[in-house]
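Below: the structure, in structure tokens.
The values are calculated or read from the model by the stated rules, or taken from the named source; none is laboratory data. Quick caveat: nothing in here was measured; it's all calculated off a predicted structure. As a convention, Cβ positions derive from the backbone with ideal geometry for all residues, glycine included, and neighbour counts pool all protein chains shown. Surface areas here come from the heavy atoms of the whole protein model, side chains and all, with no ligands, DNA or RNA. Shrake-Rupley method; radii C 1.70, N 1.55, O 1.52, S 1.80 Å.
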Amino acid sequence: MNRILTPLVVFLFASFIISHHSLAQKTLSSTDQALRYSLYSRLGLKIIPIKTSKENFKVQFVIEKIEEAPAFANFSFSYSILNSYDQVIGSDNINLLTENDLKADSDRHWIFEKMVEIPESQKTAIALLTVLDTRQGDEYVYHIDLKSQFVLDQPDFGAYYANEIAFDQNYLNKAESLLFKTVKSPSIYSFFYPIKFDVPFPPMETRPADIPKELNVINMGDFLANIPKEFSEEGYYFFQTDTTAQTGLLLKTTHESFPKVKDWEEMVQMVTYISTRKEHETLILAQDKKKALDEYWINLTRNPEIAKELIRNYFRMVEFANILFTDFKEGWKTDRGMVYIVMGPPQEVNFYLDREVWSYAGMDASSKIKFTFARAKTILSPHFYTLNRSRAYQPVWFKNISQWRSGRMAF
């Protein structure tokens, strides 16, 4: 049956565009993307590009259905291809997506796929996916750079689940399999990095982080595309169809319980953000980690019920940090994951070409606390960010840690 947008949805989407663009010129950098990191999002958005030639990209728009059995008709979908973060987003560059455009509709995903041509001479191109929940007006936004000064190139292959749905997670549990599809080469080269990373310094620690003197890498050889590939080791893999290319695909492999906590040993590591140095050293040295952790939580709150709630809230934030921010590190060990756990989901999120900015309510009603994450250029990931640290964060950071420790922090 031919399915089209209902008149009501078209009207709501048109009204949404008019209201957003007649009053102020909306750009990507002025768009608040806080829903991207919300604990209560109904959808999870991802854009996955595959380069098919010098000027052409297959762009996969993947929408995860977090809400139970959502109705397609409750949402309006659109995409834009922008030439800068400051280009005005208007009716001339917004492309509606209807059910007729669906590439796949599974229990967990809606997937659209579009071929996009970017002239070789164009230096910057950004793909933007927008989903409007027409029930309450929530706007879900996700973007990636197809081309920019921070993107060395895009891979000419993609990873897929067994049902051939585009792989949209930031991690894969070990012993699970993926399917790789290539544009040209029949085989893919893989490199494995078994490194474990340290916890990041807090935001007010301005000395540079330690850099490993040696990075152990294991050449895993090549394997054929279009055949499920199982990954049995924890660490991260980097895949390429051409080992001389400036691009590839990063895959973090994790223990079976990830994004949740695996065991008491891991739990000890994770409480470092709200612990004193002495407390954390005591936990690390304890023979019976479970008993030591039980004492730790009770000593913080002096109340078993509050302690249970504190544990539940804290590790809920750890789980979300792992889902949202895992790259070659586990999400909770990244700068963004650390800030997310301690400060909670940001109230405003703005992206610029060279940075990502999170805003929180300040110490008083008239001020805001901003965390700026600088974008770094790396072959491993075209969207890698590190926190600009400052001693000015110390008061609000310690205030939030105190609230965590008293069991009064909940999001």
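Sparsely packed loop sites in the stretch 87-120 (the GluC sites (Glu not before Pro) outside DSSP H, G, I, E and B with at most 11 other Cβ atoms within 10 Å) comprise E120. A DSSP coil position with no more than 10 other Cβ atoms inside 10 Å describes the following GluC sites (Glu not before Pro) in the stretch 24-79: E68. Of the cross-linked pairs K260/K377; K46/K103; K181/K229; K54/K229; K46/K329, those separated by over 23 Å at the C-alpha level are K260/K377; K54/K229. With Cα Rg over 2.2 N^0.38 Å defined as stated, name the option among (i) 1.03; (ii) 0.98; (iii) 2.26 computed from the structure displayed. Computed from the coordinates, Cα Rg over 2.2 N^0.38 Å corresponds to (i).
For the stretch 259-398, the carbon plus sulfur part of the accessible surface works out to 53%, probe radius 1.4 Å. Restricting the stretch 20-117 to chymotrypsin sites (Phe, Trp or Tyr not before Pro) that sit in a DSSP loop and have at most 16 other Cβ atoms within 10 Å of their own Cβ leaves Y40.
Is it possible to state the helix-based mean residue ellipticity at 222 nm for the chain, with each DSSP H run of 4+ residues giving -39500 (n - 2.57), the sum divided by total residues, to the nearest 500 deg cm²/dmol? What is it?
For the chain, the value works out to -6500 deg cm²/dmol.
Surface analysis of the stretch 140-285 yields an accessible area of 52 Å² per residue, using protein heavy atoms and a 1.4 Å probe. State whether the stretch 120-182 is rounded, prolate or oblate according to the following rule on the C-alpha gyration tensor (a ≥ b ≥ c being the square roots of its eigenvalues): a/c under 1.5 gives rounded; otherwise a/b larger than b/c gives prolate, and the remaining case gives oblate. It comes out oblate by the Cα gyration axes. In terms of the Cα gyration tensor, with a ≥ b ≥ c the square roots of its eigenvalues, is the stretch 167-211 rounded because a/c is under 1.5, prolate because a/b exceeds b/c, or oblate? Prolate is the answer for the stretch 167-211, as a/c is 1.5 or above and a/b outweighs b/c.
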